[in-house]
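Undergrad: Pasting a structure below so you can have a look.
The values are calculated or read from the model by the stated rules, or taken from the named source; none is laboratory data. Computed from a predicted structure; not experimentally measured. All Cβ positions, glycine included, derive from the backbone under ideal geometry; neighbour counts span all protein chains shown. With ligands, DNA and RNA removed, areas are computed over all heavy atoms of the protein, side chains included. Shrake-Rupley method; radii C 1.70, N 1.55, O 1.52, S 1.80 Å.
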Amino acid sequence: MLATVEKIITETWDTKTFRAVFQDEELKESFTYEPGQFQEVSVFGVGECTFCLTSSPTRKGCIEFSVKKVGSVTTALHEMSEGETVGIRGPLGNAFPYADWKGKNLLFVGGGIGMAPMRSLLNFCLDNRADYADITTIYGARTPGDLCFTYEFEDGHRRASCI
């Protein structure tokens with residue numbers, strides 16, 4: 001599946017979040033996944049890597065994935081510009097057992113880029129707020145400059161959308 005990189009967000013000095021939109025209009029609206037699943041992202045001529053879906057499936061129209069620059073494919077992604085094309089294969093893997101958590105208090109604990117897989121789940125739970133009791137997030141990193149998604153905490157709540 002071909003997707004256009006619609007937006008690139010610099011999270012930290014070595015991590016970026018990519019918002020991608022499927023080029024096939026029907027797929028753009030019908031693509032589904034569950035929190036915890038991942039996909040393979042292809043940079044043509046360079047290679048393919050696995051990245052978790054960091055966006056919530058409750059927010060249709062795009063997918064997001066976060067990339068820490070550590071190798072040839074991740075470096076190529078970091079050098080991309082908005083408007084370029086990537087390949088997407090997925091969704092793959094298992095989801096978090098969020099249905100079992102309905103009515104319960106939830107505690108999310110993450111650090112640095114480790115927050116990426118939890119971001120999808122956390123936003124999914126917030127978008128289905130009536131299904132869960134208290135939701136608490138504890139998030140840390142080596143330095144404040146290593147924290148990702150800080151813009152989602154600015155107003156005291158997490159909200160992101162695909163436009």
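Undergrad: Search the range 30-52 for residues being among the β-branched types (V, I, T) and surrounded by fewer than 19 Cβ atoms within 10 Å (Cβ to Cβ), and hand back the single one that is modelled with the lowest pLDDT.
TA: Initially, the range 30-52 is screened for residues among the β-branched types (V, I, T), giving 32, 41, 43, 46, 50.
Going one step further and asking which of them are surrounded by fewer than 19 Cβ atoms within 10 Å (Cβ to Cβ), we end up with 32, 46, 50.
Working: T32: 93, V46: 98, T50: 97.
Per the criteria, the residue is T32.
Undergrad: Could you look through the range 85-103, keep only residues that are touching a Leu at 6+ places or on another chain (Cβ under 7 Å) and not hydroxyl-bearing (S, T, Y), and pick out the one that is least open to solvent (accessible area, probe 1.4 Å)?
TA: Step one: filter the range 85-103 for residues touching a Leu at 6+ places or on another chain (Cβ under 7 Å), giving 85, 87, 91, 96, 98.
Okay, now just the ones that are also not hydroxyl-bearing (S, T, Y), so 87, 91, 96.
Numbers: G87: 8, P91: 45, F96: 69 Å².
Looking at the filtered set, the residue picked out is G87.
Undergrad: Suppose we filter the range 117-148 for residues that are assigned to a strand (DSSP E or B) and within 22 Å of N94 (Cα to Cα); how many remain?
TA: Restricting attention to the range 117-148, the residues satisfying the condition of being assigned to a strand (DSSP E or B) are 135-140.
If we keep only those that are within 22 Å of N94 (Cα to Cα) too, we end up with none.
Selection size over the range 117-148: 0.
Undergrad: Look at the range 1-25 and say how many of its residues are in a strand (DSSP E or B), in contact with a strand residue (DSSP E or B) (Cβ under 8 Å, 6 or more places away or on another chain) and polar (S, T, N, Q).
TA: Looking only at the range 1-25, we keep the residues that are in a strand (DSSP E or B), and these are 2-12, 15-22.
Add one more test, that the residue is in contact with a strand residue (DSSP E or B) (Cβ under 8 Å, 6 or more places away or on another chain), and what stays is 2-11, 15-22.
Of the ones still in play, those that are also polar (S, T, N, Q) are 4, 10, 15, 17.
Residues that pass the stated criteria total 4.
Undergrad: Does K104 count as more than 23 Å from I135 (Cα to Cα) and of a type outside the set (V, I, T)? Give the derivation first.
TA: Working: more than 23 Å from I135 (Cα to Cα): no; of a type outside the set (V, I, T): yes.
When the stated conditions are applied, K104 does not pass them.
Undergrad: Okay, moving on. Quick test for you: out of L106, L126, pick the one residue that is open to solvent by 30 Å² or more (accessible area, probe 1.4 Å) and either among the hydrophobic types (A, V, I, L, M, F, W, C) or at pLDDT 95 or above (or both). Quick ask: steps written out before the conclusion?
TA: Working: L106 fails: open to solvent by 30 Å² or more (accessible area, probe 1.4 Å).
After ruling out the rest, the residue left standing is L126.
Undergrad: Inside the range 5-21, can you point out the residues that are over 15 Å from R119 (Cβ atoms) and either among the acidic types (D, E) or open to solvent by less than 10 Å² (accessible area, probe 1.4 Å) (or both)? It would help to see each step written out before you state the result.
TA: Restricting attention to the range 5-21, the residues satisfying the condition of being over 15 Å from R119 (Cβ atoms) are 5-8, 10, 13-14, 20-21.
Within the range 5-21, V5, E6, D14, A20 qualify.
Undergrad: So which residues in the range 53-84 are surrounded by fewer than 21 Cβ atoms within 10 Å (Cβ to Cβ), closer than 23 Å to S120 by Cα and not aliphatic (A, V, I, L, M), if there are any at all? Explain how you work it out, then say what you get.
TA: Restricting attention to the range 53-84, the residues satisfying the condition of being surrounded by fewer than 21 Cβ atoms within 10 Å (Cβ to Cβ) are 57-62, 68-73, 75-76, 78-84.
If we keep only those that are closer than 23 Å to S120 by Cα as well, we get 57-62, 68-70, 73, 78, 82.
Listed by number, the residues that qualify are P57, T58, R59, K60, G61, C62, K68, K69, H78, E82.
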